[in-house]
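Student: Dropping the structure in here first, questions after.
The values are calculated or read from the model by the stated rules, or taken from the named source; none is laboratory data. Keep in mind that what you see is a predicted model, and the values were worked out from it rather than measured. Cβ placement follows ideal geometry from the backbone for every residue including glycine, while neighbour counts extend to all protein chains displayed. Accessible surface is based on the protein model in full, side chains and every heavy atom, while ligands, DNA and RNA are left aside. Shrake-Rupley method; radii C 1.70, N 1.55, O 1.52, S 1.80 Å.
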Number of protein chains: 2
Amino acid sequence: MLAPCSDEFLNGLRAVLPPATFRAPEARYAEEPRGFWTGEIGAVLAPANTAEVAVIIKAAAQARVPVIPYGGGTGLVGGQLSDALPAPVILSLERMNAIRRVDPVGNILEAEAGAILANVQAAAEEAGRLFPLSLASEGSAVLGGLLGTNAGGVNVLRYGNTRNLVLGIEAVLPDGSIYNGLKSLRKDNTGYDLRHLLIGAEGTLGVITAAVLALHPRPAAQGTAVMAVASPRAALDLLAMAQERLGSGISAFELIHRSGSDFLAQTGFSLRLPFDETPEWCVLIELGLPEGLDPEGALEELFAEGFEAELVYDGAVAQSLAQRQAFWEVRETIPEANKRVGAVSSHDISLPLTQVPEFINRAGQALGEIADFRINCFGHLGDGNLHYNLFPAEGRQREDYAAQKGAAVRVVYDLVEELGGSFSAEHGVGRLKVEDLERYGDPAKLAVMRAIKGALDPQGIMNPGAVLRMPEE
Amino acid sequence: MLAPCSDEFLNGLRAVLPPATFRAPEARYAEEPRGFWTGEIGAVLAPANTAEVAVIIKAAAQARVPVIPYGGGTGLVGGQLSDALPAPVILSLERMNAIRRVDPVGNILEAEAGAILANVQAAAEEAGRLFPLSLASEGSAVLGGLLGTNAGGVNVLRYGNTRNLVLGIEAVLPDGSIYNGLKSLRKDNTGYDLRHLLIGAEGTLGVITAAVLALHPRPAAQGTAVMAVASPRAALDLLAMAQERLGSGISAFELIHRSGSDFLAQTGFSLRLPFDETPEWCVLIELGLPEGLDPEGALEELFAEGFEAELVYDGAVAQSLAQRQAFWEVRETIPEANKRVGAVSSHDISLPLTQVPEFINRAGQALGEIADFRINCFGHLGDGNLHYNLFPAEGRQREDYAAQKGAAVRVVYDLVEELGGSFSAEHGVGRLKVEDLERYGDPAKLAVMRAIKGALDPQGIMNPGAVLRMPEE
């Protein structure tokens with residue numbers, strides 16, 4: 001049985017932690033970006049270092065007080081807030097934001113969990129290196145949350161997910177013990193990989209407090225293009241063609257549907273892609289090439305070959321850094337436009353690459369039979385990761401679809417399942433998809449997850465109700 | 001309390017499994033490559049499919065019979081055999097060796113755990129793709145063992161360890177349940193990453209039965225060079241210089257000490273590197289570049305720049321595929337020469353890159369004070385991974401060093417620990433390094449490992465005594 005964060009509990013902590021640890025329970029700690037839910041706050045605690053995190057977790061374990069780790073608050077699946085717990089501790093990493101060291105020879109960067117992604121990227125760049133994790137919320141998302149959710153983003157095609165960019169972590173475990181795994185090794189086979197277990201566990205098995213990240217060489221030259229493609233299938237064929245020519249030189253390959261541009265226009269953004277007529281489907285391609293190669297030339301050749309093969313019919317290669325940034329700004333602002341339009345339902349799904357076109361066709365058809373949704377389908381095609389979001393028809397409100405929403409979600413996820421995909425590609429499970437995990441997750445895997453949770457967090461204090469349903473009392 | 005694999009137990013299995021499952025207990029199942037240990041065999045079972053594996057594990061769990069998964073038998077740390085168990089089942093994956101599918105568009109290959117690495121590489125190549133895992137024993141090592149130990153090899157610098165090449169796995173868990181995680185997704189954040197937990201667990205948490213592997217584009221052009229370097233520090237500076245110029249185009253960067261060449265000559269191999277005078281230290285560099293770049297030219301430019309900076313003083317760029325293979329054959333045959341010479345002690349260690357030169361200097365000095373060892377230090381410098389092996393002086397036998405061996409091992413591992421390294425880089429813990437893990441492992445991590453082992457394998461039947469000491473009865 002979990003207990004609320006009582007005055008007695010907090011007074012015990014006040015006796016051993018500095019006053020700066022105790023923060024005002026501002027509204028932002030109880031809100032999430034899409035405004036679907038609000039959370040409850042027992043207290044907001046912001047420790048200054050790992051030892052203080054350990055003090056808090058140990059006390060919480062003894063008193064059975066629930067603890068919700070809080071990073072940048074940008075999560076989209078409700079992993080960072082709950083209204084179903086007795087007055088939880090919000091454990092904010094905001095004061096632990098130091099970038100401890102950058103080593104360009106060893107190609108590593110060590111930082112604390114509260115460091116904002118954009119600052120980590122900048123520190124790597126200052127040292128002449130690249131930290132390739134990049135996503136729309138990089139100005140506020142912090143390492144702890146990015147690792148906790150194994151965030152994806154636009155460069156996964158080339159560099160992998162967050163977990164592939166982490167060499168070592170430090171974490172406080174549910175009993176308050178400190179796991180010191182801050183090694184900066186490329187190879188280390190010494191027992192079970194606790195790092196990969198905690199990455200993606202969404203704070204349910206402990207709190208990641210710091211990490212050693214892998215840096216990469218910066219590509220000598222980068223290039224960006226947008227190309228109008230005949231269909232999602234053509235986009236896929238273009239990707240294969242590009243990989244044949246350029247191998248790992250392709251760092252991003254994004255699919256964008258016309259709805260993205262429509263929504264931008266509709267919600268007051270003047271951003272647009274450089275097409276005379278907005279195509280139904282287009283791709284945004286980013287290259288990073290070694291010395292001696294010319295990205296603009298390579299993109300032009302790719303376009304010519306794609307045009308010949310009737311895969312692409314219009315396009316533009318960015319001629320300056322400003323143009324490259326402008327292309328990307330369109331892509332990165334689509335989520336904000338979506339938010340302003342107001343989705344009925346949002347789906348962060350992934351599919352085996354070759355199944356993407358079939359999914360788009362069949363899902364569109366099946367949803368059309370349910371209601372007059374507008375569908376904005378965009379995302380990281382190179383990873384088979386689509387953000388497949390349903391919106392009200394023009395002039396209607398999302399509330400109008402209350403009766404159809406359940407059936408629509410089911411259609412999407414059932415088809416994902418049938419085609420061997422995932423109902424959560426990069427956003428995680430949080431509290432939003434606990435039931436989906438129970439429905440679509442492998443039963444043996446779920447049993448293992450519950451066994452691990454029970455073994456490492458027998459009191460069930462760490463982010464209770466995220467990822468796994470809380471056990472019945 | 002574990003029970004031996006009795007006639008009663010085997011008769012129970014004979015009633016439900018085809019006769020071909022039951023193999024003769026040939027000596028090879030009880031031997032390991034270095035000839036240090038022999039194992040005991042209760043029975044050798046070679047199931048034909050995952051369902052049969054599940055039948056065996058389930059029966060073993062009920063009867064508390066120990067099960068040791070057996071792949072290619074190439075492991076170097078005794079993970080595949082034990083003489084300290086009551087008559088164990090040797091569960092050989094040798095009949096489950098199908099390559100189920102190769103999909104060059106989706107860049108995936110699905111195969112069973114008994115598939116030999118060289119066959120997997122060949123199947124990928126036939127489809128115009130690369131499966132980059134590559135190591136000396138690739139002609140007999142199989143996927144199950146490679147995944148179970150998270151094998152490393154020569155291409156980790158560019159492509160990562162085995163775990164980075166695996167999209168999904170299927171496994172039989174210690175209770176006989178089947179985890180079906182054979183997804184071919186690049187992004188899938190649906191709960192704890194069971195895949196990464198089982199990869200590297202050395203068969204102690206279940207048996208991996210099949211995997212979906214990530215394929216890569218084949219580099220358009222490859223090149224290979226050897227360069228004599230002034231010192232390990234110079235080798236490291238050359239690596240940084242190469243990465244600055246060629247980024248991820250460097251797929252291997254191997255350090256070789258003169259002892260390697262000496263041992264080859266001494267043990268009857270006529271292989272040699274193309275130097276007039278064998279240098280004390282040299283590096284073997286492999287490039288894989290996209291279309292439009294010339295690897296031989298790039299290697300020559302790198303040599304020229306390195307020469308200018310006084311990092312390298314001799315070298316050769318391979319001018320043909322045959323020459324490239326000849327360079328690599330030298331590198332790949334050093335382990336066999338080592339075996340013939342007969343090591344006193346072998347160490348598969350890793351270090352933060354920048355600490356490698358200090359380790360080599362200090363370890364050599366400290367060991368010289370203990371005995372007149374010949375040291376053969378070689379390995380994957382790009383990953384900070386050294387094979388640091390101690391041999392008898394010429395004319396002496398390894399038995400002569402019995403009194404000094406313990407102290408020598410301690411010197412090596414204590415220094416590795418001091419410099420933030422790992423006592424097991426790519427070979428795993430097996431039974432050889434259980435005590436080292438207890439000594440050097442993070443206590444909180446060890447506690448988590450024991451908790452997970454207890455939760456998933458309460459009977460303790462899966463590869464008992466590997467990685468973790470068996471609990472006291």
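Student: Can you name every residue in the stretch B:20-75 that is of a type in the set (Phe, Trp, Tyr) and open to solvent by 40 Å² or more (accessible area, probe 1.4 Å)?
Tutor: Result: B:Phe22, B:Phe36, B:Trp37.
Student: Can you pull out the residues in the stretch A:240-287 that are in a helix (DSSP H, G or I), open to solvent by less than 10 Å² (accessible area, probe 1.4 Å) and more than 30 Å from A:Gly342 (Cα to Cα)?
Tutor: If the condition is that a residue be in a helix (DSSP H, G or I), open to solvent by less than 10 Å² (accessible area, probe 1.4 Å) and more than 30 Å from A:Gly342 (Cα to Cα), then A:Ala242, A:Gly249 are the ones that fit.
Student: Same structure again: Taking B:Ile334, is it more than 14 Å from chain A (Cβ to nearest Cβ), in contact with a helix residue (DSSP H, G or I) (Cβ under 7 Å, 6 or more places away or on another chain) and open to solvent by 10 Å² or more (accessible area, probe 1.4 Å)?
Tutor: The answer is no for B:Ile334.
Student: Kindly indicate whether any position in the stretch A:334-355 is at negative phi, touching a Lys or Arg at 6+ places or on another chain (Cβ under 9 Å), free of Cβ contacts under 8 Å to residues at least 60 places away in the same chain and assigned to a helix (DSSP H, G or I).
Tutor: Checked the stretch A:334-355: no residue is at negative phi, touching a Lys or Arg at 6+ places or on another chain (Cβ under 9 Å), free of Cβ contacts under 8 Å to residues at least 60 places away in the same chain and assigned to a helix (DSSP H, G or I).
Student: Name every residue in the stretch A:178-197 that is more than 8 Å from chain B (Cβ to nearest Cβ) and open to solvent by less than 10 Å² (accessible area, probe 1.4 Å), in order of residue number.
Tutor: Matches in the stretch A:178-197: none.
Student: Identify, by number, the condition in (1) at pLDDT 95 or above; (2) in a strand (DSSP E or B); (3) within 14 Å of chain B (Cβ to nearest Cβ) that A:Gly379 doesn't meet.
Tutor: Looking at each condition in turn, A:Gly379 falls short on (1).
Student: Of the conditions (1) under 16 Å from the mean Cα position of the chain (by Cα); (2) open to solvent by 20 Å² or more (accessible area, probe 1.4 Å); (3) facing chain A (nearest Cβ under 9 Å), B:Asp175 clears all except one; give me its number.
Tutor: Answer for B:Asp175: the failing condition is (1).
Student: Can you tell me which residues in the stretch B:102-121 are assigned to a helix (DSSP H, G or I) and open to solvent by less than 10 Å² (accessible area, probe 1.4 Å)?
Tutor: Hits for the stretch B:102-121 are B:Leu117, B:Val120.
Student: Moving on to the next point. Specify the residue that is nearest to the other protein chains (Cβ to nearest Cβ); the eligible residues are those in the stretch B:207-237 that are among the charged types (D, E, K, R) and more than 25 Å from the chain's Cα centre (by Cα).
Tutor: Among residues in the stretch B:207-237 that are among the charged types (D, E, K, R) and more than 25 Å from the chain's Cα centre (by Cα), the one nearest to the other protein chains (Cβ to nearest Cβ) is B:Asp237.
Student: Only residues that are buried (at least 23 other Cβ atoms within 10 Å of the Cβ) and either within 14 Å of chain B (Cβ to nearest Cβ) or assigned to a helix (DSSP H, G or I) (or both): list them for the stretch A:361-376, please.
Tutor: Hit for the stretch A:361-376 is A:Ala363, nothing else.
Student: Kindly indicate the residue of the stretch A:432-464 that is more than 18 Å from A:Ala201 (Cβ to Cβ) and more than 10 Å from chain B (Cβ to nearest Cβ) and also farthest from the chain's Cα centre (by Cα) among those meeting that condition.
Tutor: A:Arg439
Every residue, every condition in (1) at pLDDT below 95; (2) charged (D, E, K, R); (3) in contact with an Asp or Glu (Cβ under 6 Å, 6 or more places away or on another chain); (4) part of a loop (DSSP other than H, G, I, E, B), yes or no:
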site	(1), (2), (3), (4)
B:Leu2	no, no, no, yes
B:Gly12	no, no, no, no
B:Val16	no, no, no, yes
B:Phe36	yes, no, no, yes
B:Ala61	no, no, yes, no
B:Ile68	no, no, no, no
B:Ser82	no, no, no, yes
B:Arg100	no, yes, yes, no
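Student: Being within 25 Å of A:Val65 (Cα to Cα) and either open to solvent by 10 Å² or more (accessible area, probe 1.4 Å) or modelled with pLDDT under 95 (or both) is the filter here, so list the residues in the stretch A:207-223 that pass it.
Tutor: Of everything in the stretch A:207-223, just one residue is within 25 Å of A:Val65 (Cα to Cα) and either open to solvent by 10 Å² or more (accessible area, probe 1.4 Å) or modelled with pLDDT under 95 (or both), namely A:Ile208.
Student: If we scan the stretch A:402-424, do we find a residue that is closer than 27 Å to A:Leu91 by Cα and within 14 Å of another protein chain (Cβ to nearest Cβ)?
Tutor: Yes, there is a match, as at least one residue in the stretch A:402-424 is closer than 27 Å to A:Leu91 by Cα and within 14 Å of another protein chain (Cβ to nearest Cβ).
Student: Being over 18 Å from the mean Cα position of the chain (by Cα) and crowded, with 24+ Cβ neighbours inside 10 Å narrows it down to one residue among B:Val467, B:Val416, B:Val409, B:Val429; which is it?
Tutor: Exactly one of B:Val467, B:Val416, B:Val409, B:Val429 is over 18 Å from the mean Cα position of the chain (by Cα) and crowded, with 24+ Cβ neighbours inside 10 Å, namely B:Val416.
Student: Keeping to the stretch A:101-119, report how many residues are more than 14 Å from chain B (Cβ to nearest Cβ) and over 20 Å from A:Ala252 (Cα atoms).
Tutor: The number of residues fulfilling the criteria is 7.
Student: If you don't mind, another one. For residues in the stretch A:288-310 being assigned to a loop (DSSP other than H, G, I, E, B) and within 14 Å of chain B (Cβ to nearest Cβ), which is most open to solvent (accessible area, probe 1.4 Å)?
Tutor: Here the residue is A:Glu291.
Student: Which pairs have Cβ atoms under 7 Å, sit 6 or more apart or on different chains, and link a residue in the stretch A:448-473 that is in a loop (DSSP other than H, G, I, E, B) to one that is open to solvent by 40 Å² or more (accessible area, probe 1.4 Å) and not charged (D, E, K, R)?
Tutor: Close Cβ pairs (under 7 Å, with a partner that is open to solvent by 40 Å² or more (accessible area, probe 1.4 Å) and not charged (D, E, K, R)) amount to A:Gly460/A:Met470; A:Gly460/A:Pro471; A:Pro464/A:Met470; A:Gly465/A:Ala84; A:Glu473/A:Met1.
Student: Can you tell me which of A:Thr204, A:Thr162 is among the hydroxyl-bearing types (Ser, Thr, Tyr) and under 16 Å from the mean Cα position of the chain (by Cα)?
Tutor: A:Thr162
Student: Which one is farthest from the chain's Cα centre (by Cα) among residues in the stretch B:122-159 that are without any contact (Cβ under 8 Å) to a residue 60 or more places away in the chain and not in a helix (DSSP H, G or I)?
Tutor: Applying the filter and picking the extreme gives B:Gly139.
Student: I'd like the full set of residues that are open to solvent by 10 Å² or more (accessible area, probe 1.4 Å) and in contact with a Phe, Trp or Tyr (Cβ under 8 Å, 6 or more places away or on another chain), limited to the stretch A:381-403.
Tutor: A:His387, A:Ala393, A:Arg398
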